[in-house]
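**Q** Here it is, the structure, as structure tokens.
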Amino acid sequence: MQNEKRLRGVCQGKWALVTGASAGIGLALAKQLAEAGANLVLTARRRDRLEALALGLEKDHGVQTLTIPADLAEPAAPEELLAATEGAGLPVEILVNNAGFGYYGEFVKGDAAWQRTMVEVNCTAVVHLTRLFLPRMMERRRGYIMIVSSTASYQPVPYMSTYAATKVFDRFLAEALAYEACEYGVKVSALCPGPTESEFHEIAGTRNQFGRGRQSAEEVARMGLEGLIDGKHWVIPYRAGRAMVVMERFLPRRWISALAARAFRPEKSS
Ligand SMILES: NC(=O)c1ccc[n+]([C@@H]2O[C@H](COP(=O)([O-])OP(=O)(O)OC[C@H]3O[C@@H](n4cnc5c(N)ncnc54)[C@H](OP(=O)(O)O)[C@@H]3O)[C@@H](O)[C@H]2O)c1
């Protein structure tokens with residue numbers, strides 16, 4: 001209750017931009033921000049989903065919305081988002097860099113273009129959007145930026161190698177900017193979910209056994225937003241993930257990679 005009140009205090013009447021708002025964690029974040037009174041800029045590739053979400057948020061929470069279908073693999077997309085928001089007089093005070101996807105399998109069997117696009121969406125677009133919106137927040141001396149990373153960012157992950165590498169990039173970017181930006185009144189936080197209910201696993205092609213014990217996207221979003229307004233530099237909403245991160249501090253990295261390789265090895269990798 002106390003947290004809801006605090007979130008409302010931060011969000012009421014402000015514009016929040018959520019990337020990847022058409023599904024999973026981004027959808028849950030958009031709904032919770034609207035519940036807290038934020039006006040929403042919703043972006044992802046699937047226009048129909050964004051429009052349905054926007055209608056629902058306006059009706060249920062009385063907030064304003066703007067939907068901008070965009071493919072973040074396109075280098076021009078971040079500038080287009082800036083022009084449609086700040087350029088049109090809508091100051092974005094909360095930026096949620098959430099859009100992303102993964103690939104599960106041997107690195108050499110993954111499509112090369114798909115892996116490159118993963119880096120563009122998970123990393124390049126995050127840098128570009130943050131670089132465009134952060135200076136405006138600094139000028140206003142207030143703002144919030146969430147970058148969605150993963151517990152996969154805490155160790156190399158054989159068979160999800162490129163994905164885990166993109167997520168360590170995201171986490172390090174967020175953790176570093178958390179220091180640079182706080183002097184200007186802007187809070188930056190990395191949200192590091194563990195296995196979460198969403199479309200991610202179907203798209204990445206992960207094995208069924210990763211289905212056990214997935215956390216709900218709603219719980220992940222709630223903990224992420226609480227951490228963001230509390231000024232936490234990173235948030236690990238998954239309890240087992242927190243334990244794993246502590247344990248890994250005491251083990252040689254080769255052992256950790258070997259354990260991850262055992263856990264993630266595809267059943268038939270021939
Ligand atoms: N689910 C998990 O277990 C888990 C764990 C740790 C971290 N994460 C991270 O959480 C974030 C959200 O993933 P999720 O689990 O919610 O997966 P999801 O349900 O598949 O949602 C991914 C979102 O990203 C958008 N997206 C993907 N490619 C895009 C592109 N080229 N341009 C614009 N938008 C794009 C999708 O929208 P469109 O398809 O409509 O474009 C969708 O809205 C990701 O960064 C992921 O790495 C997930």
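The values are calculated or read from the model by the stated rules, or taken from the named source; none is laboratory data. This structure is a prediction, so every number in the text was calculated from the model and none was measured. FYI the Cβ positions are ideal-geometry reconstructions off the backbone, even for glycines, and counts take in every protein chain you see. Just the protein is used for accessible areas: all its heavy atoms, side chains included, with ligands, DNA and RNA removed. Shrake-Rupley method; radii C 1.70, N 1.55, O 1.52, S 1.80 Å.
**Q** For the condition in a strand (DSSP E or B) and within 24 Å of VAL121 (Cβ to Cβ), what is the one hit in LEU40, LEU53, LEU33?
**A** Residue meeting the stated conditions: LEU40.
**Q** Given (1) farther than 30 Å from ARG265 by Cα; (2) in contact with a Cys (Cβ under 7 Å, 6 or more places away or on another chain); (3) not charged (D, E, K, R), identify the lone condition not met by TYR144.
**A** (2)
**Q** Test THR67 against the stated conditions and say whether it is surrounded by 17 or more Cβ atoms within 10 Å (Cβ to Cβ), at pLDDT 95 or above and under 30 Å from ARG262 (Cβ atoms). Steps first, please.
**A** On the way: surrounded by 17 or more Cβ atoms within 10 Å (Cβ to Cβ): yes; at pLDDT 95 or above: yes; under 30 Å from ARG262 (Cβ atoms): no.
No.
**Q** If you take the residues of the range 48-64 that are under 21 Å from ALA88 (Cα atoms) and open to solvent by less than 30 Å² (accessible area, probe 1.4 Å), which of them is nearest to the ligand (Cβ to nearest atom)?
**A** Top of the filtered list is LEU50.
**Q** Another one. Output the number of the condition that LEU251 fails; it satisfies all remaining conditions of (1) of a type in the set (A, V, I, L, M); (2) within 11 Å of the ligand (Cβ to nearest atom); (3) touching a Leu at 6+ places or on another chain (Cβ under 9 Å).
**A** All conditions are met except number (2).
**Q** Sticking with this one: Would the range 1-15 turn up any residue that is part of a loop (DSSP other than H, G, I, E, B), open to solvent by 50 Å² or more (accessible area, probe 1.4 Å) and within 11 Å of the ligand (Cβ to nearest atom)?
**A** No, that holds for no residue.
**Q** Across the range 70-91, what is the total count of residues that are open to solvent by less than 70 Å² (accessible area, probe 1.4 Å), within 12 Å of the ligand (Cβ to nearest atom) and more than 19 Å from GLY24 (Cβ to Cβ)?
**A** 3
**Q** Sticking with this structure for a sec: Conditions first: (1) within 12 Å of the ligand (Cβ to nearest atom); (2) at pLDDT below 95; (3) buried (at least 17 other Cβ atoms within 10 Å of the Cβ). GLY213 passes all but one, so which condition is the exception?
**A** It is condition (3) that GLY213 fails.
**Q** Among the residues of the range 239-270, how many are in a loop (DSSP other than H, G, I, E, B) and acidic (Asp, Glu)?
**A** Going through the range 239-270 one residue at a time, the tally reaches 1.
**Q** Between a first residue in the range 197-210 that is under 20 Å from ALA221 (Cα atoms) and a second residue that is at pLDDT 95 or above and more than 8 Å from the ligand (Cβ to nearest atom), which pairs have beta carbons less than 6 Å apart while being 6 or more apart in sequence or on different chains?
**A** GLU197/SER216
**Q** Condition first: free of Cβ contacts under 8 Å to residues at least 40 places away in the same chain, surrounded by fewer than 23 Cβ atoms within 10 Å (Cβ to Cβ) and near the ligand (Cβ under 9 Å from one of its atoms). Now tell me which residues in the range 16-47 satisfy that.
**A** ARG45, ARG46, ARG47
**Q** State which residue is nearest to the chain's Cα centre (by Cα) when the search covers only the range 138-148 and only residues that are more than 11 Å from the ligand (Cβ to nearest atom) and surrounded by 21 or more Cβ atoms within 10 Å (Cβ to Cβ).
**A** Step one: list which residues in the range 138-148 are more than 11 Å from the ligand (Cβ to nearest atom), which gives 138-145.
Remaining after also requiring surrounded by 21 or more Cβ atoms within 10 Å (Cβ to Cβ): 143-145.
Numbers: GLY143: 17, TYR144: 13, ILE145: 10 Å.
For the range 138-148, the residue satisfying everything is ILE145.
**Q** Based on what the data block shows, is THR166 part of a loop (DSSP other than H, G, I, E, B), among the hydroxyl-bearing types (Ser, Thr, Tyr) and touching a residue at least 40 places away in the same chain (Cβ under 8 Å)? Let's see the steps before the verdict.
**A** Working: part of a loop (DSSP other than H, G, I, E, B): no; among the hydroxyl-bearing types (Ser, Thr, Tyr): yes; touching a residue at least 40 places away in the same chain (Cβ under 8 Å): yes.
Answer is no for this residue.
**Q** Okay, next question. Given the conditions (1) buried (at least 24 other Cβ atoms within 10 Å of the Cβ); (2) among the polar types (S, T, N, Q); (3) closer than 16 Å to GLY224 by Cβ, which single one is not true for THR151?
**A** (1)
**Q** What residue, among those in the range 92-127 that are acidic (Asp, Glu) and within 16 Å of the ligand (Cβ to nearest atom), is least open to solvent (accessible area, probe 1.4 Å)?
**A** Selected residue: GLU120.
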